[in-house]
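The values are calculated or read from the model by the stated rules, or taken from the named source; none is laboratory data. This structure is a prediction, so every number in the text was calculated from the model and none was measured. Here the Cβ positions follow ideal geometry from the backbone for every residue, glycine too, while neighbour counts run over all protein chains shown. Quick note on the areas: whole protein, heavy atoms, side chains included, nothing else; ligands and nucleic acids left out. Shrake-Rupley method; radii C 1.70, N 1.55, O 1.52, S 1.80 Å.
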Amino acid sequence: YLQNIRGFSPQTAGLIILCQPLVMAILSPYTGKLSDRYESRYLTATGMCLVCLGLGLLSLMQQDTSINYILINLVLIGAGFALFSPPNVNAIMGSVTKMYLGIAAGTVSTTRVLGQMFSMAIITLAFAMMMGPVPLSPEHYPALLQSIRLSLFTAACLSLAGIYLSFARGNIR
């Protein structure tokens, strides 16, 4: 999107998109330590709230949306994933005996990959519905933007379920 709609080179677009995982990488060690002291459901639910907010705000993008708006929301999403992932994994791994740690770790990894695959299915469906089989060219950029917005909105809505499930799971300790 950034490369085509905003006219940025692929390197600049890549650097902007890198913002989200970079924030996550910086904050995750700290949130992992927090999950040793605080109940993980509060951290994970808060993280999912930030992810939902960031995705929801990104779903409102327009062709002239500023790079700062995009960066701020990517930071929100990165912080949200940092608050969600380490405490969630900590809760899962802490709830099984040593004998089942390998199975739990495999289940976490499998679930992560299934989530990524499901996300790609949502994106593919949104692009098929909004754009159809057309080449990516300037005349189709409005449909591209609509496809991206629909994908982000759908992800934000699914995050609401994540908020509920994170909070409703009860105390781990």
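Its relative contact order, with pairs defined as Cα atoms under 8 Å and 6+ residues apart, puts the chain at 35 percent. A cut-off of 5 Å between modelled amide H atoms, ignoring neighbours fewer than 5 places along the same chain, links ARG169 with no other residue. Treating r as the C-beta distance of LEU158 and ASP36 and R0 as 22 Å, the FRET efficiency rounds to 0.15.
Diffusion of segment 97-136 by Stokes-Einstein, at 25 °C in a medium of 0.890 mPa s and with Rh set to the Kirkwood radius over alpha-carbon pairs, works out to 199 µm²/s.
Taken along the Cα-to-beta-carbon direction at a fixed 7 Å, the label points for SER9 and MET131 span 2.4 nm.
Axis of helix 10-37 versus longest Cα principal axis of the chain: the two differ by about 20°, to the nearest ten degrees. Its Cα gyration tensor gives segment 68-137 an equivalent ellipsoid; the semi-axes, largest first and in whole Å, are 34, 19, 7. To test your reading of the geometry: what angle, between 0 and 90 degrees and rounded to tens, separates the Cα axis of helix 40-58 from the longest principal axis of the chain? Tilt of helix 40-58: around 0 degrees.
Determine, at each q value in 0.22, 0.27, 0.32 (inverse angstroms), the log₁₀ of I(q)/I(0) that the Debye formula gives when each Cα of segment 61-104 is one equal point scatterer. Taking Cα atoms of segment 61-104 as identical point scatterers yields -0.74, -0.88, -1.00. Within the listed set GLY162, GLY115, GLY47, the residue fluctuating most in the Gaussian network model of the chain (springs between alpha-carbon atoms under 10 angstrom) is GLY115. In a DSSP loop and with at most 16 other Cβ atoms within 10 Å, the chymotrypsin sites (Phe, Trp or Tyr not before Pro) in segment 6-104 are PHE8, TYR38.
For segment 96-173, the carbon plus sulfur part of the accessible surface works out to 74%, probe radius 1.4 Å. Projecting the Cα atoms of GLY102, ALA143, SER66 onto the dipole axis of segment 1-157, where Lys and Arg carry +1 and Asp and Glu carry -1 at the beta carbon, places GLY102 farthest toward the positive end. By the Kirkwood approach, averaging reciprocal distances over each pair of separate Cα atoms, segment 1-136 gets a hydrodynamic radius of 16.9 Å.
Considering only GLY80, GLY32, GLY106, the Gaussian network model of the chain with Cα springs below 10 Å gives its largest mean-square fluctuation to GLY106.
The angle between the Cα long axis of helix 101-130 and the main principal axis of the chain comes to about 20°, on a 0 to 90 degree scale.
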